[in-house]
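Reviewing the structure listed below.
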Amino acid sequence: MYVAFLISLLISTINGIIISQIRRSSLFITNSSCALVLNVTLPVGSSIQTCIWKCDHEDQCQTGVYYHDNRTCLLFSEDCQSGKITSSGNVQTSVICHRRNQGSNNQCSSQQLSTSSTTTNAAEYRTVFLLQPSDSIVSLYNTTVGQSTGNFDGIYSNSTNEHTSSAIDGNLATKYLNFGSTGGYLCHVPGPGVGTGFFVTPSISNATIAMGFIFATANDFADRDPLTVTLEGSNATTNATLHSGSSWTLIYNGSTGIDPIFTNSRSVYVIQQNFNNTLVFASYRLLITSQRNISDAVQYSEAQIIGESTTTNERPIVFLTRSDDRIVALYNTTAGQDAHGFNGIYFVSNEGPTNAIDGDLSTKYSNYGGIGGSRSSVVGRGVGTGFFVTPSISNATIARSILFATADDSADRDPLTVTLEGSNATTNATLRLRSSWTLIYNGSTGIDCSKDPGRSRYVTQQNFPNTKIFASYRLLITSQRNISDGVQYSEAQILGYV
């Protein structure tokens, strides 16, 4: 028996009185394939009332689902009576049955989805390089995380033509060189660059969320490479305040992405470092905490901070995959490894991988793995199957979500967990190689392992933090519900930014 109560919102609008019925410990299963109109993670401090408010201000919203633990709010254009309300078990969710007066819309005609990242004051965010060459930036040395500035600018901070702004100019032919306390070329000591760096106030916005950074090596002298770094944030914007240690909050403490053992090539970008952060800041301080070897200085070509910035221009998350995209079926393949089986007779001829991205719940992608359709049922027959795809929408996309839908029958074939990798290759020959792929996501498909969510139904969209740009994606099943002869699903859509 669901616990239900009425919240009467006596709001004076053109449409009249709005009433929401809240069903606790419940989930909503739609009958329509395109009923989902919004999936948003609400800011810290939000509650179910915010989700109700969003439904009220979304013209198509008839039903909402609020996940209390992570503040996720899903809005649907289908009303509670048209869909099905079920128990959510141990998951802390509530269904909002939001009824309007006559004339409200409870139909949908095509795939629709708009997703926003964690926001403050309902602002829209977009993933970008936060730093620009024109930003206000101050070089530092003799400075420690959490403490006030030791020294700044002057002849000790940068060589004549190798100033701090070179670290954020996007030009690999320039570099930022800092002698620290040595003051010049004559002294070679351990870690002269430790405690050097900069603080910067991005001009793109006074409310940004740092989620990663990417370094690039300088043109020479690998001994000067920075290996570890701290990143702090502040909501101050004046130099006087930013020199104070009390202004700063630690965001990250770890690798720059430069290999500490093998010397990276010169003037190249290294592996981007991502981290979990939802705090909004106006300024950032980056400090080097170790470098490769005894030297007279530290240097790097780029130290770009990447994250989300408020913008007045809406940049919605969209379906990155389309039915006409080039897609290749896979089997016997593991994340981070070469593709060992592809195409061939191992999937049913009219149930190929294109069906997974066609937006049609009446079709499905079936894959028998390496058994070739012999129909022998074993544990995890579909593990290692999947596909790689090159979205035609753009050759530079940022994946942020996956959305699965179950197939029409045989729940034992449901995929439960999955990996998603990205690559900037676009040819099949390169995409079959392990070296092409970078792991983006490893987790649930959104299909509940404890119960059948229904056949030919979309399940809960799975969102993940990612700021890396890719041209192609590889999706691989890592577990399925039960012993079966294969794995199958109607949809496996990848969503993100273009």
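The table below gives the values:
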{"item": "Rough spin-label spacing in nm, given labels placed 7 Å along Cα→Cβ, for Q21 and H57", "result": "2.7"}
{"item": "Inter-label distance for D135 and N206, nm, one decimal - labels placed 7 Å from Cα along Cα-to-Cβ", "result": "1.7"}
{"item": "Candidate residues E58, E78: accessible-area rank, largest first, probe 1.4 Å", "result": "E58, E78"}
{"item": "Geometric extent, Cα atoms of the stretch 318-497 - Rg, Dmax (angstrom)", "result": "14.6, 42"}
{"item": "Normalised contact order of the stretch 318-497, rounded percent, pairs of Cα under 8 Å and 6 or more residues apart", "result": "36"}
{"item": "FRET efficiency for D452 and Y269, using Cβ-Cβ distance with R0 set to 60 Å, rounded to 0.05", "result": "0.85"}
{"item": "With DNA, RNA and ligands ignored, accessible area of I447 (1.4 Å probe; Å², nearest 10)", "result": "10"}
{"item": "For the stretch 128-309: relative contact order, % (alpha-carbon pairs under 8 angstrom, 6 or more apart)", "result": "36"}
{"item": "Gained length - S181 relative to L250, 0.36 nm times residue gap less alpha-carbon distance", "result": "22.4 nm"}
{"item": "Positive minus negative residues near I48 (Lys, Arg vs Asp, Glu; Cβ under 14 Å)", "result": "+2"}
{"item": "Spin-label model distance (nm) - S82 vs A429, 7 Å beyond Cα toward Cβ", "result": "5.1"}
{"item": "Probe 1.4 Å, all protein chains present, accessible-area order of C449, C187, C55, largest first", "result": "C449, C187, C55"}
{"item": "Accessible area (Å², 1.4 Å probe, nearest 10) - D220", "result": "50"}
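The values are calculated or read from the model by the stated rules, or taken from the named source; none is laboratory data. Values in this document were obtained by computation on a predicted structure and should not be read as measured data. Backbone-built Cβ (ideal geometry, glycine too); neighbour counts: all protein chains shown. These accessible areas exclude ligands, DNA and RNA; they are computed on the full protein's heavy atoms, side chains included. Shrake-Rupley method; radii C 1.70, N 1.55, O 1.52, S 1.80 Å.
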